[in-house]
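Enquirer: I have a structure here, written as structure tokens, and I will follow up with some questions on it.
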Amino acid sequence: MSANGIRPMGVMLATLLIQLSTPVFAQTECLEFRDPEVMLSTTDRWRVFVAERDVNRILDWIVGVTPPPKVVRREVVQQTRCLLNALSHSDVPLTEVPQVYSGRRSFTRQQSIWMRKYNFSGGAFDRISETARNLCGDGLPAESARWQPHMASHRQCWLGEGGVGRSLDSNQRQRETLQATAMPGLSRHHWATDIDILDPYLNPASWENAGPYVGAYRWLRQHAGSHGFVQPYRHSQVNPWFIRIEEGWHWSYYPVASVLQAFARQHPQALAKRLAELWGDNESYSFVRDGIGVTAVLAKD
Ligand SMILES: [Zn+2]
């Protein structure tokens with residue numbers, strides 16, 4: 001009798017423990033966004049989360065000087081895993097296990113990427129624009145699609161090295177860089193909501209025509225949304241001031257990212273002030289700082 005009396009108690013305790021721990025386990029499950037209501041309610045949950053916090057703390061998160069709250073990172077990491085898992089198990093032929101090559105970046109990290117390009121060092125990057133090609137004329141070989149800092153003809157065009165022909169001025173260099181690199185403080189990668197996947201070289205050519213990621217790209221356009229991801233950088237968003245190349249590798253977790261983007265647009269003055277402090281008088285930021293202005297970038301990005 002006594003043994004029978006204890007057993008149900010143990011079962012009850014175990015059941016209670018399972019019930020108590022269910023929300024924790026639920027966090028590791030994939031959120032499904034096929035139903036638009038789920039997207040609305042998840043985005044609303046994050047809108048409340050952001051609205052309840054101090055404005056300056058959110059701004060510091062947006063410009064990359066403080067890491068995002070842990071709960072944000074947890075949900076994005078979980079959904080990223082769900083997305084890449086689904087891609088792995090699809091019928092898309094892949095040469096390797098899909099992975100994230102770049103996730104959250106700090107202001108300092110983005111600054112080093114920006115300065116590397118502005119000062120023209122490191123590996124090949126982005127895409128040579130028609131403007132640069134027209135300016136430098138025959139100085140740039142026709143077969144060069146991307147900027148290659150080790151090539152003398154490219155150095156001539158970008159930096160004016162060698163003193164022959166025309167070269168880009170500071171503003172033009174910034175605009176070339178802006179094709180695929182956000183200025184430090186204005187990168188979506190600061191938010192911890194955005195990821196670069198599959199292609200370690202971030203080469204646009206690999207995502208079009210017969211490139212190795214064309215199949216995966218088609219799959220992502222069809223299925224990423226059901227995991228909560230959207231593609232922020234498309235040709236369709238190209239405009240004369242803030243040109244973007246098509247980035248098949250860059251995906252953004254919409255429920256959090258859309259809330260932060262709206263927050264930034266609602267606080268343009270405070271954001272511009274914070275960025276002015278961070279940028280100082282660095283000449284490589286002049287195009288946005290002294291030219292088009294932060295508000296214009298927010299409106300267009
Ligand atoms: Zn990216």
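Enquirer: Over the Cα atoms of the chain, what radius of gyration and what Dmax do you get, in Å?
Expert: 23.3, 100
Enquirer: With a 10 Å radius around each residue's Cβ, average the other Cβ atoms per peptide and rank 270-276, 77-83, 87-93, highest first. Can you show the working numbers first?
Expert: Numbers: 270-276: 17.1, 77-83: 19.3, 87-93: 12.3.
Ranked by mean Cβ neighbours within 10 Å, highest first: 77-83, 270-276, 87-93.
Enquirer: Another one. Work out how much length Ala270 to Asn209 would gain on full extension: take 0.36 nm times their residue separation and subtract the Cα-Cα distance, in nm to one decimal. All intermediate terms of the calculation are to be shown ahead of the outcome.
Expert: Numbers: separation 61, 0.36 × 61 = 21.96 nm, distance 4.33 nm.
Extra length available between Ala270 and Asn209 comes to 17.6 nm.
Enquirer: Once you put a point 7 Å from the Cα of Val71 and another 7 Å from the Cα of Val97, both along the Cβ direction, what distance in nm separates them?
Expert: In this crude spin-label approximation the distance works out to 3.1 nm.
Enquirer: Using Cβ counts within 10 Å as a stand-in for footprinting exposure, how do Glu247, Glu96 rank, fewest first?
Expert: On the way: Glu247 18, Glu96 7.
Result, fewest neighbours first: Glu96, Glu247.
Enquirer: Quick one: compute a quarter of the convex hull surface over the Cα atoms of segment 119-178 and quote it in nm².
Expert: Working: hull surface 14.3 nm².
Answer in nm², one decimal: 3.6.
Enquirer: Same structure again: Quick one: Tyr217, Tyr253, Tyr285, Tyr201, fewest Cβ neighbours within 10 Å first, how do they rank?
Expert: Numbers: Tyr217 21, Tyr253 27, Tyr285 24, Tyr201 13.
Ordered by Cβ neighbours within 10 Å, fewest first: Tyr201, Tyr217, Tyr285, Tyr253.
Enquirer: What is the fewest-to-most order of Thr193, Thr177 by other Cβ atoms lying within 10 Å of their Cβ? Don't skip to the end; give the middle numbers.
Expert: Numbers: Thr193 30, Thr177 23.
Exposure proxy ranking, most exposed first: Thr177, Thr193.
Enquirer: Still on this model: Take every Cα-Cα distance within segment 75-162, group them into 10 Å bins from 0 onward, and report for each bin the whole-number percent of pairs it holds.
Expert: 14, 31, 22, 23, 10, 0
Enquirer: Expressed as an acute angle from 0 to 90° and rounded to the nearest 10, what is the orientation of the C-alpha long axis of helix 214-223 relative to the principal long axis of the chain?
Expert: With rounding to tens, the tilt is 50 degrees.
Enquirer: Rounding to the nearest 10 and keeping the result within 0 to 90°, find how far the Cα-based axis of helix 70-88 lies from the longest principal axis of the chain.
Expert: That helix lies at roughly 80 degrees to the long axis.
Enquirer: Still on this structure, please answer the following. Mind ordering 111-119, 129-137 by average Cβ neighbours within 10 Å, highest first? List each step's numbers first, then the result.
Expert: Details: 111-119: 17.7, 129-137: 14.6.
Sorting 111-119, 129-137 by mean packing, highest first, produces 111-119, 129-137.
Enquirer: Could you state the angle between the C-alpha long axis of helix 2-26 and the longest principal axis of the C-alpha atoms of the chain, as a value from 0 to 90 degrees rounded to the nearest 10?
Expert: Orientation of helix 2-26: about 20 degrees from the principal axis.
Enquirer: So what is log10(I(q)/I(0)) for segment 148-301 at q = 0.15, 0.21 1/Å, when the Debye sum runs over its Cα atoms only?
Expert: The Cα Debye sum returns log10 ratios of -0.93, -1.38.
Enquirer: Projected onto the charge dipole of segment 95-212 (+1 at Lys/Arg Cβ, -1 at Asp/Glu Cβ, origin at the Cα centre), which of His154, Val97, Pro184 gives the Cα projection farthest towards the positive end?
Expert: Pro184
Enquirer: Pop out the ³J(HN,Hα) list for segment 123-131 in order, Karplus 6.51 cos²θ - 1.76 cosθ + 1.60 with θ = phi - 60°, rounded to Hz; leave Gly and Pro as x.
Expert: With coefficients 6.51, -1.76 and 1.60, one gets x, 4, 8, 6, 8, 6, 7, 4, 4 Hz.
Enquirer: Given the -39500 (n - 2.57) contribution per DSSP H run of 4+ residues, what per-residue ellipticity at 222 nm results for the chain, rounded to the nearest 500 deg cm²/dmol?
Expert: Details: 12 runs with 146 residues, N = 301.
Counting only the DSSP helices, I get -15000 deg cm²/dmol.
Throughout, read-outs are computed from the coordinates displayed, never taken from laboratory work. What you see is a predicted model, and the numbers here were worked out from it, not measured in a lab. Note: ideal-geometry Cβ built from the backbone for every residue, glycine included; neighbour counts use all protein chains shown.
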